[in-house]
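Below is one structure, written out as structure tokens; the observations come after it.
The values are calculated or read from the model by the stated rules, or taken from the named source; none is laboratory data. Computed from a predicted model, the values in this text were never measured in an experiment. Don't worry about glycine lacking a Cβ; one is built from the backbone with ideal geometry, like all the others, and counts go over all protein chains shown.
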Amino acid sequence: MTHEDALELAGRALDGPLAAADRAALEAHLAECAPCRTETAALAGIHAALSAWSAAPSGANGAIERVVARVGARLAAAALIG
């Protein structure tokens, strides 16, 4: 499994359960790859922060929702570029 494959699966895992084979492959890769473990932990932290923001009561005129959307869009763009 490549680093890109692992990070793609890690991102999908944040959105919901992976198929058993995908989860096993990801876990095996993470057990051997410190850089991917670090990146996966960072993704999980970002996901948790965005989830907390989106669960917070709406701010004035949807300000929180706009910030979450912008950050999400930038993270998605960075993942495509990086």
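I need the full set of residues from region 36-53 which are loosely packed, with under 14 Cβ neighbours inside 10 Å, hydroxyl-bearing (Ser, Thr, Tyr) and either within 11 Å of the chain's Cα centre (by Cα) or modelled with pLDDT under 80 (or both), in order please.
Ser51
What pairs come up if the first residue lies in region 1-17 and is surrounded by fewer than 18 Cβ atoms within 10 Å (Cβ to Cβ), the second is at pLDDT below 90 and part of a helix (DSSP H, G or I), and their beta carbons are under 6 Å apart, counting only those six or more places apart or on different chains?
Note: pairs meeting the criteria are Leu14/His47.
Would you pick out the residues in region 1-27 that are aliphatic (A, V, I, L, M) and assigned to a helix (DSSP H, G or I)?
Of all residues in region 1-27, those aliphatic (A, V, I, L, M) come to 1, 6-7, 9-10, 13-14, 18-21, 24-26.
Matches in region 1-27: Ala6, Leu7, Leu9, Ala10, Ala13, Leu14, Ala20, Ala21, Ala24, Ala25, Leu26.
Could you please let me know if Leu30 is free of Cβ contacts under 8 Å to residues at least 60 places away in the same chain, part of a helix (DSSP H, G or I) and under 19 Å from Leu75 (Cβ atoms)? Can you show your working first?
On the way: free of Cβ contacts under 8 Å to residues at least 60 places away in the same chain: yes; part of a helix (DSSP H, G or I): yes; under 19 Å from Leu75 (Cβ atoms): no.
Judged against the criteria, Leu30 is not a match.
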